[in-house]
1. Which numbered condition in (1) out of contact with any helix residue (DSSP H, G or I) (no Cβ under 6 Å at 6 or more places or on another chain); (2) more than 16 Å from ligand 3 (Cβ to nearest atom); (3) more than 19 Å from Y75 (Cβ to Cβ) is the only one that W3 fails?
2. Give the residue that is farthest from S219 (Cα to Cα), with candidates limited to residues of segment 18-47 that are aliphatic (A, V, I, L, M), open to solvent by 30 Å² or more (accessible area, probe 1.4 Å) and part of a helix (DSSP H, G or I).
3. Among the numbered criteria (1) at pLDDT 95 or above; (2) loosely packed, with under 14 Cβ neighbours inside 10 Å; (3) polar (S, T, N, Q), which single criterion is violated by S219?
4. I'd like to know if segment 183-204 contains one or more residues that are within 16 Å of ligand 3 (Cβ to nearest atom) and touching a Lys or Arg at 6+ places or on another chain (Cβ under 6 Å).
5. Of the residues that sit in segment 172-197 and are within 26 Å of N121 (Cα to Cα) and charged (D, E, K, R), which one is most open to solvent (accessible area, probe 1.4 Å)?
6. Taking only segment 33-67 into account, find how many residues are within 11 Å of ligand 1 (Cβ to nearest atom), farther than 20 Å from T224 by Cα and free of Cβ contacts under 8 Å to residues at least 40 places away in the same chain.
7. What is the number of the single condition among (1) touching a Gly at 6+ places or on another chain (Cβ under 7 Å); (2) open to solvent by 80 Å² or more (accessible area, probe 1.4 Å) that L213 does not meet?
8. Please tell me if N121 is more than 15 Å from L74 (Cβ to Cβ), of a type outside the set (F, W, Y) and outside any helix (DSSP H, G or I).
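The values are calculated or read from the model by the stated rules, or taken from the named source; none is laboratory data. Just so we're clear, the structure is a prediction, and the values are computed from it rather than from any experiment. Cβ placement follows ideal geometry from the backbone for every residue including glycine, while neighbour counts extend to all protein chains displayed. Side chains included, ligands, DNA and RNA excluded: accessible areas come from the protein's heavy atoms. Shrake-Rupley method; radii C 1.70, N 1.55, O 1.52, S 1.80 Å.
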Amino acid sequence: MDWNDEIAKYDKFMQDEILNSGKIPRHIAIIMDGNGRWAVERNLSRTAGHREGIESVRDIVKASSQLGIKYLTLYAFSIENWKRPITEVRVLMTLLEHFLKVELDELHQNNVRVKAIGKLNSLPKSVQKLLRKAIEFTADNTGLTLTLALSYSGRWDILRAVQIIAFDVKRGKVSPEDLTSEKFASYLQTKDLPEPDLLIRTSGEMRLSNFLLWELAYSEIFVTKKYWPEFRRQDLYEAISDYIKRERRFGKTSAQVASEEKESINDSYIQKVINAFKSK
Ligand code: IPE
Ligand code: IPE
Ligand code: MG
């Protein structure tokens, strides 16, 4: 099914508003939290919450792809989550397996490229196999890059990078003086992803829970009280609309940001005029 064939009227309106702003985030990262509480408040099992959470994943992936967002990174399972009761961990792994099996064709048809970050070799073999298949199968797709953070933790990735760098220094492949921010980032598992522009966390918690610690340095943060199973495309539009209104200063002053924006508008106008002349 082609997702672009099924955009409802309201969606089209909201999506056009966002697109017309010209400020669409390139990379959105989401901490999908609150499945358990959503279920408990409804007298359901935590499993039911995780199951409903998958419906949110479906909707958010689809809406992101329709919007033309280039990167979506979903925190699905942290290294710390291994400490949960074994029965819950098993359910989560089974649901992940099911998701990869059932969704792969549709993701592929819609040009989605699947990636994964995290300590993947600690996942059950069956999950690893399906994950590898999904990554290989969609490797040449050019639409949305959907990165699943699985058995992931930010500190784990940073520490892993430091270890590899230390080895590379020992082997004479890198010298300590050459270690810049860019060089360091090239050792992280997120090396092929731009830094997230927008971080969304559901369920109202004001913490990072060990997600993308290096990469989120200048991301805009949007926290909603809604639990993940109730977070759907309208909520995504709300988060993006809020993001669009923000001023990203990266340490500079408001006046500097405004004048840079003006310059870049001028530049693009001049470029348009030059191109028009060239094409004559
Ligand atoms: C998020 O929901 C899913 C995972 C962390 C795997 P939770 O399971 O953390 O739900 P709460 O936070 O306990 O409500
Ligand atoms: C964060 O949620 C991890 C994921 C969403 C995968 P947690 O529920 O594990 O976070 P804490 O324990 O409340 O910080
Ligand atoms: Mg939680």
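1. So the condition that W3 fails would be (1).
2. If we filter segment 18-47 for residues that are aliphatic (A, V, I, L, M), which is where we start, we get 18-19, 24, 28-32, 39-40, 44.
So of that shortlist, the ones also open to solvent by 30 Å² or more (accessible area, probe 1.4 Å) come out as 19, 24, 32, 40, 44.
Narrowing further to those that are part of a helix (DSSP H, G or I): 19, 40.
On the way: L19: 20, V40: 32 Å.
Checked segment 18-47; the qualifying residue farthest from S219 (Cα to Cα) is V40.
3. (2)
4. Taking segment 183-204 first, the residues within 16 Å of ligand 3 (Cβ to nearest atom) are 199-204.
Pick out the ones that are also touching a Lys or Arg at 6+ places or on another chain (Cβ under 6 Å) and you get 202, 204.
Yes - at least one qualifying residue is present in segment 183-204.
5. Going residue by residue through segment 172-197, those that are within 26 Å of N121 (Cα to Cα) are 183-196.
Imposing the further condition that a residue be charged (D, E, K, R) reduces the set to 183, 191-192, 195.
Values: K183: 79, K191: 121, D192: 93, E195: 97 Å².
In this case the residue turns out to be K191.
6. Adding up the residues that qualify gives 0.
7. (2)
8. Details: more than 15 Å from L74 (Cβ to Cβ): yes; of a type outside the set (F, W, Y): yes; outside any helix (DSSP H, G or I): no.
For N121, the condition - more than 15 Å from L74 (Cβ to Cβ), of a type outside the set (F, W, Y) and outside any helix (DSSP H, G or I) - is not met.
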